[in-house]
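The values are calculated or read from the model by the stated rules, or taken from the named source; none is laboratory data. In this text the structure is predicted, and so the values were computed from the model without any measurement. As a convention, Cβ positions derive from the backbone with ideal geometry for all residues, glycine included, and neighbour counts pool all protein chains shown. We work out accessible area using only protein heavy atoms, side chains counted, and drop any ligands, DNA or RNA first. Shrake-Rupley method; radii C 1.70, N 1.55, O 1.52, S 1.80 Å.
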Amino acid sequence: MPTNGSLNRKLRMGLVGGGHGAFIGRVHATAAVLDNRAALVAGALSSDAAKAKASAPDYDIAPERAYGSYQEMVKAESALPKDKRIDFVSVATPNHTHFEIAKAFAQAGFNVMCDKPMTFDLKQAEELAELVKKTGVVFALTHNYTGYPLVRQAREMVLNGELGEINAIRSFYIQGWLRARLEKDNQKQASWRTDPAKSGAAGCFGDIGTHAYNLGRFITGLLPDQVSCLLKIFAAGRQLDDYGTAAIRYQNGALGTVTASQISHGRENDLFIEIDGTKGALEWHQEEPNKLFYRVNGQPHRLYTRAGGPYLGTLAGKSTRIPSGHPEAFLEAFANIYTAAYDDIVKRTASEKFEAKDTLYPNVADGVDGMNFIDKCVASAKQDGRWLSLKHPLCRI
């Protein structure tokens with residue numbers, strides 16, 4: 001049996017969400033076990049009890065641990081002996097349910113892997129951050145794009161000073177799938193993402209704009225200062241933004257932009273970022289994730305790949321599973337978030353100390369940062385782009 005550091009066993013995983021017709025739940029379940037360090041043993045796979053139990057065979061979850069609700073799951077798993085209960089839970093449900101589920105499991109002492117955005121609003125994010133601090137559980141947020149090997153390579157290059165002082169960050173997430181109002185046809189993914197009661201105060205910006213913002217924060221480590229944002233609904237009758245752009249002032253004097261769209265014809269999941277420093281510049285595209293461009297005036301442009309060699313940092317190498325030239329992407333990036341969090345879950349399970357703030361995986365502070373970004377962008381847009389402070393005491397430093 002695979003070992004997990006000081007634990008001579010796999011970690012036991014519980015899943016909330018992921019029932020018939022779901023997308024992200026299956027992604028979590030696949031990524032979590034990719035490195036054979038965990039096994040999915042329990043789940044509350046739907047808010048509909050019958051559907052939850054009917055979905056359990058899809059994941060090989062035994063009937064006695066296929067729960068009809070997350071409340072039932074918390075109670076039953078807490079009652080099991082320590083050597084039987086789950087070690088962590090993955091929350092893969094719509095935005096408006098993240099807080100109550102994560103809170104219930106954290107209060108019961110279970111570690112949490114949560115899909116983004118972390119909560120429905122900023123107040124919930126702040127409360128959850130305080131709870132995580134109080135209980136000492138491991139909390140990871142699946143901003144999965146931070147798990148790509150060459151994103152981590154970019155982070156190392158910036159933090160090692162190879163780009164010099166960072167002057168500008170331009171990040172984009174461009175999609176086209178909501179050009180038509182799919183929510184009118186009850187398309188599941190469109191319906192909850194465009195519903196203010198389920199998605200929160202922002203639509204496109206909450207769904208994918210947060211990814212673009214987080215990517216800049218992860219790679220550069222720069223702290224935000226102020227934001228000015230414009231959001232718009234282009235599909236007539238829609239309730240939440242489907243396009244937006246934000247200008248950001250960082251505390252070191254750098255400038256940034258975040259642009260997100262779900263109404264651009266022909267665009268799929270085009271997340272990309274450009275970073276300008278005094279010594280050089282970087283460019284990375286999620287749809288071609290195994291390439292990273294590095295440019296310096298007067299020199300040939302450099303193309304970093306996962307091929308390894310002396311130019312590739314150790315972090316990128318450790319985040320890679322398969323030989324170069326073979327596509328490695330979305331699921332593996334998710335798995336890298338899980339793997340990094342597992343190291344700390346193992347330490348906590350073994351009553352060892354672990355780093356709670358400066359983690360490789362996005363943590364609860366990043367969740368607060370993301371919700372603060374959404375909150376201030378929506379407020380700024382309502383005031384025609386007024387500059388508002390992005391400083392928050394709970395955000396990761």
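At full extension, ALA168 and ASP35 could sit 44.2 nm farther apart than now, given 0.36 nm per residue minus the alpha carbon distance.
Cβ screening of the chain for cysteine pairs under 4.7 Å finds these without a partner: CYS114, CYS204, CYS395. Here the translational diffusion coefficient of region 341-387 follows from Stokes-Einstein with Rh set to the Kirkwood radius across Cα pairs; for 20 °C and 1.002 mPa s it amounts to 166 µm²/s. Taking amide H positions as modeled 1.01 Å from N, with prolines and chain starts lacking one, the residues under 5 Å from CYS114 and 5 or more places away or on another chain are VAL91, ALA140, LEU141, THR142. Here is how the number arises for the chain: DSSP H runs of 4 or more residues each give -39500 (n - 2.57), the sum is divided by the residue count, and the result at 222 nm is -10000 deg cm²/dmol. With all protein chains kept in place, the per residue accessible area of region 104-172 amounts to 31 square angstrom at a probe of 1.4 angstrom.
Largest mean-square fluctuation among ILE275, ILE61, ILE219, in a Gaussian network model of the chain whose springs join Cα atoms under 10 Å apart, belongs to ILE61.
The spacing between region 82-144 and region 16-61, judged by their C-alpha centroids, is 17 Å. Local charge for LEU390 was computed over the other residues whose Cβ lies under 9 Å away, with Lys and Arg +1 and Asp and Glu -1, and equals +1. Here are some pairs, LYS10/LYS75; LYS82/LYS134; LYS291/LYS357; LYS318/LYS353; LYS75/LYS103; which of them have Cα atoms lying more than 25 Å apart in this structure? Distance filter (> 25 Å) returns LYS291/LYS357. FRET efficiency for the pair SER47 and THR259, taken as 1/(1 + (r/R0)^6) with r the Cβ-Cβ distance and R0 = 45 Å, rounds to 0.85. Using a probe radius of 1.4 angstrom, the carbon and sulfur fraction of the accessible surface of the chain is 52%.
For the pair region 210-255 / region 336-397, the C-alpha centres are spaced 16 Å from each other. Which aspartates and glutamates have a Cα lying under 19 Å from the Cα of LYS84, excluding residues fewer than 8 positions away in the same chain? Of all the aspartates and glutamates, those that pass the test against LYS84 - Cα under 19 Å, at least 8 places apart if same chain - are ASP60, GLU64, GLU72. Going by the alpha-carbon gyration tensor, a ≥ b ≥ c the square roots of its eigenvalues, is the chain rounded (a/c under 1.5) or, if a/c is not under 1.5, prolate (a/b greater than b/c) versus oblate? Here the chain falls in the oblate category. Per residue, the solvent-accessible area of region 235-354 (1.4 Å probe, heavy atoms of protein chains only, all protein chains present) comes to 49 Å². Taking 7 Å steps out from each Cα toward its Cβ at LYS133 and PHE234 produces label points 4.1 nm apart. Placing a label point 7 Å from the Cα of GLN299 along the Cα-to-Cβ line, the residues of region 243-284 whose backbone N sits under 18 Å from it are 275-284.
Take the Cβ-Cβ distance between GLU288 and ALA350 as r, set R0 to 45 Å, and report the resulting FRET efficiency rounded to the nearest 0.05. My answer for the efficiency is 0.65.
What shape does region 40-140 have by the C-alpha gyration tensor, where a ≥ b ≥ c are the square roots of the eigenvalues, rounded means a/c under 1.5, and otherwise prolate means a/b greater than b/c and oblate the rest? Since a/c reaches 1.5 but b/c is at least a/b, the shape of region 40-140 is classed as oblate. Summary value for the chain: 19 percent relative contact order, contacts being C-alpha pairs under 8 angstrom separated by 6+ residues. What is region 295-397 by shape, rounded, prolate or oblate, if you read a ≥ b ≥ c off the alpha carbon gyration tensor as root eigenvalues and call it rounded for a/c under 1.5, prolate for a/b larger than b/c, and oblate otherwise? Oblate is the answer for region 295-397, as a/c is 1.5 or above yet b/c matches or exceeds a/b.
Sequentially through region 174-188, phi angles give Karplus couplings (6.51, -1.76, 1.60; θ = phi - 60°) of 10, 10, x, 5, 9, 4, 8, 7, 4, 4, 5, 9, 6, 5, 4 Hz, Gly and Pro residues having no value and appearing as x.
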